[in-house]
C-alpha cells in the first residue's frame, strides 16, 4: 500500500492592498504605520502598475490565500490612456468576488485627500485641478518622491478626525453619483470602502 495522499491547505493571509501609482503606495504605507492597519502592501517595489499588472497581482494574491485584496486606482488615468473599456472589463471580472475591492477615485486619489477637508462636487477635467485644490488645504503635499516618502502629509490627513470626515463625505458624494444624473466629470471616490475594511 502506498503513502497516504496529503492535500496542501491554503493559508489564510488577511488583507493585501495595492495602488496603481507611487502616491497610492506611499499613502497606504504611511496609513498602515499611523493607524496601525493590518495589511500587506503589494507590490512592495513602489512603482506604477497598469491594469494588466494589477490583474495579475490580484489573481496571484487570491491564489496565495489573501482573504481581501483592495486596489486603489485613479479614474482619470484610465480615461486619459483610453483604457476605459479595459477597466470596465477588469471591474466586471471581480464584480461578484467578495475578496476583491476596487477603489477608484475620479479624477485621482488627490480628490480623496481633498475630502478630508471639504465636501466638494466640483467637476474636475484632470487630476491637476484636484491637486491644486488640495494644496489649498494640505500645503505640504507634493508628488515628489522625497516628499511622498515622509509621513507628515498622511498624518495631517488623519489629524483632528479628518479620516471620519473624508469617509462621510465620500459616502455621501458616491450616493449622489449612483442615484442622480451627474456630469461626465463628476468627482467621486470609493476609497472609503477600503478604509472601512481596514478599521
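Brief remarks follow.
- Some residue of segment 145-155 being at pLDDT 95 or above and closer than 18 Å to residue 75 by Cβ: no
- Under the condition of being at positive phi and modelled with pLDDT of 95 or more, the residues counted in segment 78-102 number 0.
- Residues of segment 47-72 classified as assigned to a loop (DSSP other than H, G, I, E, B) and either crowded, with 16+ Cβ neighbours inside 10 Å or within 16 Å of the chain's Cα centre (by Cα) (or both), total: 5
- In segment 98-111, the residue that is surrounded by the most Cβ atoms within 10 Å (Cβ to Cβ) out of those that are assigned to a loop (DSSP other than H, G, I, E, B) and touching a helix residue (DSSP H, G or I) at 6+ places or on another chain (Cβ under 8 Å) is 108.
- Residue 44 meets the conditions (1) assigned to a helix (DSSP H, G or I); (2) closer than 26 Å to residue 30 by Cα; (3) more than 13 Å from the chain's Cα centre (by Cα) in every case but one. The failed one is (1).
- When residues in segment 32-41 are screened for being in a helix (DSSP H, G or I) and touching a strand residue (DSSP E or B) at 6+ places or on another chain (Cβ under 9 Å), 1 of them pass.
- Selection within segment 141-163 - over 19 Å from residue 21 (Cα atoms), surrounded by fewer than 16 Cβ atoms within 10 Å (Cβ to Cβ) and in contact with a helix residue (DSSP H, G or I) (Cβ under 8 Å, 6 or more places away or on another chain): 155
- Just one of the numbered conditions (1) buried (at least 16 other Cβ atoms within 10 Å of the Cβ); (2) under 23 Å from residue 199 (Cα atoms); (3) touching a residue at least 40 places away in the same chain (Cβ under 8 Å) is not true of residue 76: (2).
The values are calculated or read from the model by the stated rules, or taken from the named source; none is laboratory data. Computed from a predicted structure; not experimentally measured. Positions of Cβ are generated from backbone atoms using ideal geometry, with glycine treated the same way; all protein chains shown enter the neighbour counts.
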